[in-house]
Amino acid sequence: MYEYILETVNNLDNLEFRKLEKDYVLVPSKERHEDEFKINYEIDKYYTNKENSANFKVYRNSVLKLILGTLKKYNKRLVNIQNKLEQCEDRDKYKLYGELITANLYKIPDKNLESIELENYYDNNKKIVIPLDKKYLPSDNAKRYFKKYNKLKNAKVVVTKQKEETIRELDYIESVVYEIENCTTLEGIDEIYEEISENEIFKTKEMKTRKMKVKKTRLTRNKTVKFNPIKYSVEDHTILVGRNNKENDYLTMKYARKTDYWFHTKDIHGSHVILKVEPNEKIDEEILIKSAQICAFHSKARNSSNVPVDYCKVKFVKKPTGAKPRLCNLQFL
């Protein structure tokens, strides 16, 4: 058997190059190839593609690791914020303790106590046991309870704002995770890395020491830009789909005309979709439906049977000042 294989390999004229599902093999053939170097070309092509695929996976996974690390950090932050908010919900209890102690100081012994039982005039004078810090007199305990109440009251305002900001950051980070999970090219990973490298929430020590080279590109209407949205043609109408957050932002806020239509899945991560429309042109409902279907396909819910999609004229899409790419507000005038 070994001699047969050796003989076959030594006689390339009798070999045929065949591609299988995941590899290439040499098999005996009676036909002579016109291109004697075809086998070398195909083998080189195969291993080049294999190397590119491996490089893509390594690059993609390294960037994804950075993003998921940030996502984990912000999820942990949200849990801590929620715990603080739950503590703030007890603030009225401490205010009540302070009020009851102050109102009953005339009959409370002026000495250090571990607790005291008083009538709660807010609850039909039912008895309530108030814990005290034995290191302090009852009057001082009342002051400490009022201080704790005010501290939690002020903290609730601050922490509530922190929660809103953290939820927005998490929503943005999850949109980047969606981007990279659907990216298929090294160029696409470069664009995503460029996006996150410009955002402070991803400024980790690991990222600062990484030696990834990313070409900076400004997305402006009047210059040659790295802008290559996915294109569809539906009944002589062009539909453009953003491939990442920065491209979504540019596509909607700068490239699209005010008369074009904007589509985005409702409360679901996905691409911005623009239906190009001429001024004063009336669009058939069927084209709008097909545009919405394309929008649903380029979203996290692509495998769902029922996907809600928002749409409106581009002139009604507003972006808050300082907002990150992809984040827009709808204003119906």
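Looking at Lys134, Lys65, Lys84, Lys143, which one is assigned by TED's automatic domain parsing to the domain that holds Arg168 and in contact with an Asp or Glu (Cβ under 6 Å, 6 or more places away or on another chain)?
Lys134
For the range 66-94, which residues satisfy the criterion of being farther than 20 Å from Thr166 by Cα, out of contact with any Phe, Trp or Tyr (no Cβ under 8 Å at 6 or more places or on another chain) and part of a helix (DSSP H, G or I)?
Of everything in the range 66-94, just one residue is farther than 20 Å from Thr166 by Cα, out of contact with any Phe, Trp or Tyr (no Cβ under 8 Å at 6 or more places or on another chain) and part of a helix (DSSP H, G or I), namely Lys93.
Could you list all residues from the range 134-152 that are more than 15 Å from Asn83 (Cα to Cα) and touching a Lys or Arg at 6+ places or on another chain (Cβ under 6 Å)?
Passing the criteria: only Tyr149.
For the range 158-188, name all the residues that are assigned to a helix (DSSP H, G or I) and farther than 30 Å from Lys76 by Cα.
Residues satisfying the conditions are Leu186, Glu187.
Kindly indicate which of Ala155, Ala142 is in contact with a helix residue (DSSP H, G or I) (Cβ under 9 Å, 6 or more places away or on another chain), part of a helix (DSSP H, G or I) and in contact (Cβ under 8 Å) with a residue 60 or more places away in the chain.
Criteria check complete, one pass: Ala155.
Considering only residues that are hydroxyl-bearing (Ser, Thr, Tyr) and under 19 Å from Lys93 (Cα atoms), which ones fall in the range 105-126?
Ser115, Tyr121, Tyr122, listed by residue number.
I'd like the residue in the range 236-274 that is assigned to a loop (DSSP other than H, G, I, E, B) and β-branched (Val, Ile, Thr) and, out of all such residues, is nearest to Leu170 (Cα to Cα).
Ranking the candidates gives Ile268 first.
Looking at the structure I just gave you, is Ser233 modelled with pLDDT under 95, in a loop (DSSP other than H, G, I, E, B) and more than 21 Å from Tyr172 (Cβ to Cβ)?
Criteria not met by Ser233.
Based on this model, can you work out whether Glu198 counts as of a type outside the set (A, V, I, L, M, F, W, C), touching a residue at least 60 places away in the same chain (Cβ under 8 Å), in the same structural domain as Lys93 (by TED's automatic domain parsing) and surrounded by fewer than 19 Cβ atoms within 10 Å (Cβ to Cβ)?
no
Quick check on my filter: what residues within the range 275-306 are among the β-branched types (Val, Ile, Thr) and either assigned to a strand (DSSP E or B) or at pLDDT 90 or above (or both)?
Hits for the range 275-306 are Val277, Ile287, Ile289, Ile294.
Find all pairs meeting these conditions: Cβ atoms under 8 angstrom apart; at least six residues apart or on different chains; first residue within the range 227-255 and without any contact (Cβ under 8 Å) to a residue 40 or more places away in the chain and of a type in the set (Lys, Arg); second residue part of a helix (DSSP H, G or I) and surrounded by fewer than 16 Cβ atoms within 10 Å (Cβ to Cβ).
Close Cβ pairs (under 8 Å, with a partner that is part of a helix (DSSP H, G or I) and surrounded by fewer than 16 Cβ atoms within 10 Å (Cβ to Cβ)) do not exist here.
Out of the residues in the range 114-137 that are crowded, with 17+ Cβ neighbours inside 10 Å and touching a Ser or Thr at 6+ places or on another chain (Cβ under 9 Å), state the one that is nearest to Ile101 (Cα to Cα).
Ranking the candidates gives Ile130 first.
From the list Thr259, Thr238, Thr252, exactly one residue is at pLDDT 90 or above, in contact with a strand residue (DSSP E or B) (Cβ under 9 Å, 6 or more places away or on another chain) and surrounded by 16 or more Cβ atoms within 10 Å (Cβ to Cβ). Which is it?
One residue alone meets the criteria, Thr252.
The values are calculated or read from the model by the stated rules, or taken from the named source; none is laboratory data. As the structure is a prediction and not an experimental result, all values here were calculated from the model. Cβ atoms come from the backbone with ideal geometry, glycine included; neighbour counts cover every protein chain shown.
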